[in-house]
Amino acid sequence: VPAASIGAAPQFRTDFERTTVVSTASTNGARDHARAQAGTVATTQPTVPATALTDPPDGVDAADVVWDETIGAGGYATRRVPQGARVRLVDVDGDTCAGLLLHRGDAPAERLNVADTVKLQWQAYPGPGYLLLSDMGRVLATVVDDTCGCHDMFCATSNQADNARRYGDGTAHGPTPSGRDRLVVALAKHGLTERDVAPNVNLFSGVVIEGDGTVSLRHRSYAGAHLVLRAEMPLIVTVADVPHRLDPRPAYTAGRVRITAWRGPPAGADDNARTATPEAVRAFENTDEETRLAECAR
Amino acid sequence: MTGGPSPASAATEGDVGQVDIAADATARAPVVVHDQVVPARAPWTHQLLAGEHLRIVDLHGNQAVDFLAYVVADPVERYSAPDTIAAAGNVFLTSGTVLMTNRGRPMLTVVDDTCGRPGTIGGACSRESNTVRYGHHTAHQHACVENFLLGGAPHGLGKRDLQSNVNWFMNVPVEPDGTLGIVDGISAPGKHVEVRAELDVIVVVSNCPQINNPCNGFDPTPVRMIVTRPS
């Protein structure tokens, strides 16, 4: 194969005669019909290659982008990202709930632990500098930017029973699927199972906890609100775009979520997130031990 | 160490926790099918049949008991803290709170709570999280996750099966600014909680061995487990 042709855009995208009426009665016709569909643009889909995105985040070179995908109501996305990657989640329409789950990419039995996350940081509400901790005392990700400031560490995502009650149907194949079922399918793409569906974080649909323990939904998000994570270890990032389970509205309401990730370095030695608290110092020390092992193996 | 399901045995410590199921005060006395003192720092596991009650007695006071449960028919269905919180609309449990599974089914019901404000947001201590909270010197101390792994192993349950648990007799307030933490307990000798199984469930408990925070009054002590069924 001549080197010049490697990476050339597939010719059929531009050359195929779209106006031709094709019959699918024959294999050739069916093939032509199938090929004619390429190039369609959907409102929710990945950008492939990710580097082809036309609006990289400020200061980010498109060449560094490793994931760009928009999901809509009932959708999910899941992808491995390398240590140091930034992962930006955008509330595109200003009215959504992004169920986020993190697993360690190179050892997925280690995963987000929301109880440890709130307890070890003595803080129930995420914001800039907040760490998402694993069940092994290590930092999976740092919240490096958050323009929404209202999220939920306590309610996790919906299940079939919730949605059957609220919307009349909770089946995974129906119009109002549950977040749990989305996560189960997403994780199965990595060989994981329902056992691996740990309690997740909800982004852009927050809760507050009153003194008597009452949990109330608070919505403060807006179109374009975003949160940026920095992967402090290799991660499997999984997002389910479903209504918050406490959302009282009868309509299944979950706007689009755009996920964009790009390469970058993990927290440096003097990074604020690393030095902010004694707990953060030790959680990063634990994380560094694993990073050093990975470096030894290389 | 205490192990898996064992035949009914006499409790060996104290006389607190007399079985007197509040919800059935007028009914015939329930039958005690299991009665066991769990030593300080130990795991405990037991299978409850639907309809059976488990009473957990804090024999000496201020003893946190971390609690997980799994559906016998398919242990992938298990106690879920977020499902319980969302269903109750509250992070604290109380008499009448239904403990939900991860698939949204009622699993256990709190039928009695003489302590008040047990929670389900505090998770379980682990060797690893202890190092973050208190320092690397705590890495070899006893911890609840070790107990969960030991207690779950006979049922084929492992690390991937551990999720956010109930914290009986533990006090975890949340301040308006989100500050949250384990503070001095409000339990006392003889206080108890009692749950009724709505399904056949495997219970896995850690009688919390933590010595670095006030959840056990800095001194882990035994608790008593009494399983009854209606006569």
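No lab work stands behind these numbers, since they all come straight from the coordinates. Small disclaimer: the values here were computed from a predicted structure and weren't measured. Backbone-built Cβ (ideal geometry, glycine too); neighbour counts: all protein chains shown.
List of remarks:
- Of interest is the spacing of the C-alpha centroids, which for the stretch B:159-231 and the stretch A:216-234 amounts to 32 Å.
- Here the alpha carbons of the stretch B:26-77 define both size measures, Rg and Dmax, at 13.6, 37 Å.
- With the gyration tensor restricted to C-alpha atoms of chain B, the semi-axes of the equivalent ellipsoid amount to 25, 19, 19 Å, longest first.
- Taken residue by residue and averaged, Cβ atoms of other chains lying within 10 Å of the Cβ of A:208-218 number 5.
- Protection-proxy order for peptides B:182-192, A:30-40, each taking the mean of Cβ atoms within 10 Å per residue, highest first: B:182-192, A:30-40
- Cα gyration tensor shape of chain A, rounded if a/c is under 1.5, else prolate or oblate by comparing a/b with b/c: oblate
- Dimensions (Å) - the stretch B:24-126, Cα atoms, principal axes, largest first: 33, 33, 27
- Packing rank of B:69-78, A:256-265, B:119-128, where each peptide gets the mean count of other beta carbons within 10 Å, highest leading: B:119-128, A:256-265, B:69-78
- Max mean-square fluctuation residue, GNM over chain B, Cα-Cα springs under 10 Å, options B:N216, B:N167, B:N102: B:N102
- Three principal axis extents describe the C-alpha atoms of the stretch A:195-298; from largest down they are 54, 34, 32 Å.
- Burial ranking of peptide ranges A:192-201, A:131-140 (average Cβ count within 10 Å, highest at the top): A:131-140, A:192-201
- Residues of type lysines that B:K159 reaches as a straight line, Cα spacing below 27 Å, ignoring anything fewer than 8 places off in the same chain: A:K119, A:K189
- Using a Förster distance of 45 Å, the FRET efficiency for B:K159-B:V33 (Cβ separation, nearest 0.05): 0.90
- Compactness relative to 2.2 N^0.38 Å, alpha carbon Rg of the stretch A:80-211: 1.07
- Volume of the convex hull of the stretch B:149-231 (Cα atoms only), normalised per residue: 164 Å³.
- Helix A:278-297 axis, angle to chain A major axis (alpha carbon atoms, nearest 10°): 50 degrees
- Shielding by partners for peptide B:172-180, expressed as the average number of C-beta atoms from other protein chains within 10 Å of each residue's C-beta, is 6.
- Rounded to the nearest 10 degrees, the angle from helix A:27-36 to the longest Cα principal axis of chain A is 50 degrees.
- Two-decimal Rg/Rh across the protein assembly as shown, once Rg and the Kirkwood Rh are taken from alpha-carbon atoms: 1.03
- Per residue of A:118-127, other chain Cβ atoms within 10 Å of the residue Cβ number 6 on average.
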